[in-house]
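Student: I have a structure here, written as structure tokens, and I will follow up with some questions on it.
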Amino acid sequence: MFDDVLKEVEEKCREERIPMLGPEKAKFVANCVEKAKPSLIVECGTAIGYSGLWMLRVLKNIGHGRLITIEIDSNRAEQARTSFKNAGVDDLVDSRIGDAQKILKSITDPVDFLLLDNNFDNYFPCFQAIESQLTNPATVLADNVGIGADAMADYLEHVRSHYESETHWFDINLPWVKKDAIEVSIYRR
Ligand SMILES: C[S@@+](CC[C@H](N)C(=O)[O-])C[C@H]1O[C@@H](n2cnc3c(N)ncnc32)[C@H](O)[C@@H]1O
């Protein structure tokens, strides 16, 4: 059941050119979640739930942790909610609709895993909006740091100069991009 939902979501993203991590980067993100075993993941940019499904599968398998995922497009967020329910992981996810920068400020629980995957120029404002809730240490992932480097230069300069931070490149088989990178930073106070 879970695999069927994930397959449907991936196909829909490819057909309708809805942005998603794609399997190459999603496997990497899932491995990062498995390694970190987070109590609370926050994701900026749900789209229709592709990356969310990959992370929720890990949380379900390890029996620990939950996800708050934020999407500004209500239609996409509703589709993601339906997929989370159909995949049987809706009890592990809180899907919020609105501007990530604003919604992040309402999160009061400690956040030990952050995935930035919304509009590129919002990465640094989003990081700053949730920084007070980040645990010490916290795992912070930023997608599209290859194709979006210019628009998120402030964010990249900050994490690379303040924290242990690595850029991981991927060959990707998506209709709209063939090579991109994810930045993994270990936030420490
Ligand atoms: C790259 S897609 C997310 C892909 C998703 N993480 C996945 O891999 O399946 C970026 C999403 O961020 C959303 N977005 C853009 N600006 C946003 C904002 N300020 N707050 C929340 N979501 C935003 C877009 O509507 C879009 O659906």
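Student: Which order do Ile107, Ile186 take when ranked by solvent-accessible area (1.4 Å probe, heavy atoms of all protein chains), largest first? Could you put the intermediate results ahead of the total?
Tutor: Numbers: Ile107 10, Ile186 40 Å².
Per-residue accessible area, sorted high to low, gives Ile186, Ile107.
Student: Just the number, please: carbon plus sulfur as a percent of the accessible area of the chain, 1.4 Å probe, no ligands or DNA/RNA counted. Write down the numbers at each step before the final one.
Tutor: On the way: 4150 of 8720 Å².
Answer for the chain: carbon and sulfur cover 48 percent of the accessible area.
Student: How much length would be gained if the chain were fully extended between Asp171 and Glu11, taking 0.36 nm per residue of separation minus their Cα-Cα distance, in nm to one decimal?
Tutor: 55.7 nm
Student: Then there is this: Along each of its three principal axes, how wide is the spread of alpha-carbon positions in the range 19-122, in whole angstrom units, largest first?
Tutor: Computed over the range 19-122, the largest-to-smallest principal extents equal 30, 28, 26 Å.
Student: Based on the Cα gyration tensor of the chain, what are the three equivalent ellipsoid semi-axes, each the root of five times an eigenvalue, rounded to whole Å and given largest first?
Tutor: Details: eigenvalues 105, 74, 49 Å².
For the chain, the semi-axes come out at 23, 19, 16 Å.
Student: Additional query: Mean separation of Cα pairs under 8 Å and 6+ residues apart, divided by the residue count of the chain: what relative contact order is that in percent?
Tutor: Working: 361 pairs, mean separation 37.4, N = 189.
Over the chain, the number comes to 20 percent.
Student: Excluding Gly98 itself, what net charge comes from residues whose Cβ is under 13 Å from its Cβ, given Lys and Arg +1 and Asp and Glu -1?
Tutor: Numbers: positive: Arg76, Arg96, Lys102, Lys105; negative: Glu71, Asp73, Asp94, Asp99.
Neighbour charge sum, excluding Gly98 itself: 0.
Student: Taking amide hydrogens as modeled 1.01 Å from N in the peptide plane, which residues meet the under 5 Å criterion relative to Leu40, leaving out close sequence neighbours?
Tutor: Hits under the 5 Å cutoff: Arg66, Asp112, Phe113.
Student: Could you give the dipole magnitude of the range 2-187 about its Cα centre, charging the beta-carbon of Lys and Arg +1 and that of Asp and Glu -1, in debye to the nearest 20? Walk me through the numbers before you get to the answer.
Tutor: Working: 20 positive and 31 negative charges, 67 e Å.
The calculation lands at about 320 debye.
Student: Students often get this wrong, so check it: of Lys105/Lys179; Lys60/Lys85; Lys37/Lys178; Lys60/Lys178; Lys7/Lys105; Lys27/Lys60, which have C-alpha atoms separated by over 25 Å?
Tutor: Those over the limit are Lys105/Lys179; Lys37/Lys178; Lys60/Lys178; Lys7/Lys105.
Student: Provide Rg over Rh for the range 83-189; use the alpha carbon set for both Rg and the Kirkwood Rh (inverse mean inverse pair distance).
Tutor: Values: Rg = 14.7 Å, Rh = 14.9 Å.
Across the range 83-189, the Cα-based Rg/Rh ratio is 0.99.
Student: Related question: Compute the FRET efficiency between Glu164 and Ser132 as 1/(1 + (r/R0)^6), taking r as their Cβ-Cβ distance and R0 = 22 Å, and round to the nearest 0.05. Spell out each step's value before the answer.
Tutor: On the way: r = 20 Å, r/R0 = 0.93.
After rounding, the FRET efficiency stands at 0.60.
Student: Now, a different point. Would you kindly derive the ³J(HN,Hα) couplings of the range 88-102 from the backbone phi angles with the Karplus curve 6.51 cos²θ - 1.76 cosθ + 1.60 (θ = phi - 60°), listing them in order in whole Hz, with x for Gly and Pro?
Tutor: In residue order, the calculated couplings are x, 10, 5, 6, 9, 10, 10, 9, 10, 10, x, 6, 3, 4, 7 Hz.
Student: Oh, and also: Enter the Cα centre distance for the pair the range 141-189 and the range 88-131, rounded to the nearest angstrom.
Tutor: 17 Å
Student: At 1.4 Å probe size, with every protein chain present, just tell me what the per residue accessible area of the range 18-117 comes to in Å². Walk me through the numbers before you get to the answer.
Tutor: Values: 4010 Å² over 100 residues.
Value for the range 18-117: 40 Å² per residue.
Student: Of all DSSP beta bridges located in the range 29-178, what percent are antiparallel, nearest 5?
Tutor: Numbers: 1 of 20 bridges.
In the range 29-178, DSSP labels about 5 percent of beta bridges as antiparallel.
Student: Roughly what would the spin-label model give for Lys85 and Lys60, points 7 Å off Cα along C-beta, in nm?
Tutor: Label-label distance for Lys85 and Lys60, simple model: 1.6 nm.
Student: If each residue of separation counts as 0.36 nm, what is the full-extension length gain between Ala153 and Phe2 once their alpha-carbon separation is subtracted? Mind dumping the intermediate values first?
Tutor: On the way: separation 151, 0.36 × 151 = 54.36 nm, distance 3.70 nm.
Gain on extension, Ala153 to Phe2, equals 50.7 nm.
The values are calculated or read from the model by the stated rules, or taken from the named source; none is laboratory data. Note that the structure is a prediction, hence the values are computed from the model and not measured. Note: ideal-geometry Cβ built from the backbone for every residue, glycine included; neighbour counts use all protein chains shown. In case anyone asks, the SASA skips ligands and DNA or RNA and just uses the protein heavy atoms, side chains included. Shrake-Rupley method; radii C 1.70, N 1.55, O 1.52, S 1.80 Å.
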